[in-house]
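Contents: one structure, followed by commentary.
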Amino acid sequence: MCRVTTATAGVLRVLGPRDLAEVRALLARDPVSHCFVASRVLTSGLDTWRMGGELWGWTEDGELTSLLYLGANLVPVETTPEARRAFADRCRRIGRRCSSIVGPYDDVAVLWSMLADSWGPAREIRASQPVMVIERDAPVLVPADPLVRRVREDEIDILMPACVAMFTEEVGVSPLAGGGADPYRARIAELVRSGRAFARIEDGRVITKAEVGAVGDGVCQVQGVWTAPELRGRGLGLAAMGQVVSLAREITPTVSLYVNDFNTVARHVYERVGFHQAATFSTVLF
């Protein structure tokens, strides 16, 4: 792919199935922070077509030290200073292909500082996003809502409007824009079929919902947490989250998520359920 020589004789290349063991060992350094990339790796075996993107590796003195996932999102993993420079140089030359950069605070901040001149301006930068986790043995501290359950395949059309509303509210653009309707519906349908979409549905409408968007090595990541706007402030989301944790633990023992630091209501809900902060992410949106 390309070769970059530094004081540590580093090499950048696209990784493939023969690199799987080394990649998994690197991701295992922080299973919570690296859950998203681990989910892509575990489901694809590092086959680029199945992964939905490329995984770049940076090797220093023969050892794989850093990763960069390039798909719909750009996600840095365990990047060293030399790796960041090499990744940024390659990203500048190929141009922006992603809709966001997301990952650990330090990795994203430094990488974006190197890319801003060529990739900018960003639509929005969310510099501080607490990564929260509830470990396998930690109790859920609130009563769970038993009406929150796995969504059935025949309920995909009921779930879709809530998913679109949540995405638009959170990201600031509709996931259906620019020809995204079919891919987005396919993604939601995939989560439903795999038993990773949860909701309380009454009279044909969604009251609360959430999905497990990524499943890594012993850790899953919850996303898309949403309560119908007219029902907020009644404690429904708190009880729903308690049930979501129980359902998600049937997939992996440890459950994680990340949230914007300015969303104090959501952070308070997660803390009351039993989550605590384990790391900090940043996101650059285009």
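Once Rh is set to the Kirkwood radius over Cα pairs, what Stokes-Einstein translational diffusion coefficient, in µm²/s, holds for the range 182-286 at a temperature of 4 °C and a viscosity of 1.567 mPa s?
Details: Rh = 14.7 Å.
Value of D from the Cα-based Kirkwood radius: 88 µm²/s.
Taking 0.36 nm per residue of separation and subtracting the current Cα-Cα distance, fully stretching the chain between THR48 and ALA186 would add 47.7 nm. For the range 46-137, the normalised intensity computed at q = 0.10, 0.19 Å⁻¹ comes to -0.28, -0.94 (log10 of I(q)/I(0), Debye sum over alpha carbons, equal scatterers, no solvent). Legend: residues ASP19, ASP182, ASP261, sorted from most to least accessible area (1.4 Å probe; ligands, DNA and RNA excluded), read ASP182, ASP261, ASP19.
Note that the range 29-186, at 10 °C in a medium of 1.306 mPa s, gets a Stokes-Einstein diffusion coefficient of 87 µm²/s from its Kirkwood radius over C-alpha pairs. Here each label is just a point 7 Å from Cα along the line to Cβ, and for HIS268 and LEU147 those points are 2.3 nm apart.
Sorting the Cα pairs of the range 113-242 by distance into bins of 5 Å, from 0 upward, gives 2, 9, 16, 20, 19, 15, 10, 5, 3, 1, 0 percent per bin. Stretching ASP157 away from ALA72 to a fully extended chain increases their span by 28.2 nm, per 0.36 nm per residue minus the current alpha-carbon distance. 3J(HN,Hα) couplings calculated from phi for the range 214-228 with the Karplus curve 6.51 cos²θ - 1.76 cosθ + 1.60 (θ = phi - 60°) are, in sequence order, 8, 10, x, 8, x, 9, 10, 10, 7, 9, x, 5, 8, 10, 3 Hz; Gly and Pro show x. Per-residue 3J(HN,Hα) values for the range 184-190, derived from phi via the Karplus relation 6.51 cos²θ - 1.76 cosθ + 1.60 with θ = phi - 60°, read 5, 5, 4, 5, 5, 4, 4 Hz in sequence order (x marks Gly and Pro). Shape annotation for the range 94-162: C-alpha extents along the principal axes are 50, 35, 19 Å, from largest to smallest.
State the extension gain, in nm to one decimal, for the chain segment bounded by ARG249 and ILE125, taking 0.36 nm per residue of separation less the distance between their alpha-carbons. Don't jump to the answer; show the numbers that get you there.
Working: separation 124, 0.36 × 124 = 44.64 nm, distance 3.16 nm.
Net length gain for the segment: 41.5 nm.
Simple spin-label estimate for SER118 and ARG193 gives 3.8 nm between the two label positions (7 Å along the Cα-to-Cβ direction from each Cα). Summing charges over all other residues whose Cβ lies under 14 Å from the Cβ of ALA240, with Lys and Arg as +1 and Asp and Glu as -1, gives +4. Rounded to the nearest whole Hz, the Karplus-based 3J(HN,Hα) values (6.51 cos²θ - 1.76 cosθ + 1.60, θ = phi - 60°) of the range 249-262 follow the sequence 5, 6, 9, 9, x, 10, 10, 10, 6, 9, 9, 5, 5, 7, with x at glycine and proline. Taking amide H positions as modeled 1.01 Å from N, with prolines and chain starts lacking one, the residues under 5 Å from GLY216 and 5 or more places away or on another chain are GLN221.
By the Cα gyration tensor, the range 245-286 has an equivalent ellipsoid whose semi-axes, rounded to whole angstrom, run 21, 14, 9 from largest to smallest. Taking the C-alpha atoms only, the angle from helix 81-94 to the longest principal axis of the chain is near 80 degrees.
Against the set (1) 20.9; (2) 19.7; (3) 19.2, the structure's computed Kirkwood radius over Cα pairs in Å falls on (2). Helix 156-171 and the long axis of the chain differ in direction by around 60°, with both axes built from C-alpha atoms. With each label modelled as a point 7 angstrom along the Cα→C-beta vector, the ARG13-HIS276 pair spans 4.2 nm.
Among PHE262, PHE167, PHE275, the residue with the largest mean-square fluctuation in a Gaussian network model of the chain, with springs joining Cα atoms closer than 10 Å, is PHE262.
Note the angle between two axes, namely the Cα long axis of helix 35-44 and the longest principal axis of the Cα atoms of the chain, as a number of degrees from 0 to 90, rounded to the nearest 10. Long axis of 35-44 versus the principal axis of the chain: about 80 degrees.
The values are calculated or read from the model by the stated rules, or taken from the named source; none is laboratory data. Note that the structure is predicted; figures quoted are calculated from it, not measured. Counting neighbours? That spans all protein chains shown, and the Cβs are built from the backbone with ideal geometry, glycine included. Ligands, DNA and RNA are stripped out before the accessible areas are found, and what is left, the full protein with its side chains, is counted by its heavy atoms. Shrake-Rupley method; radii C 1.70, N 1.55, O 1.52, S 1.80 Å.
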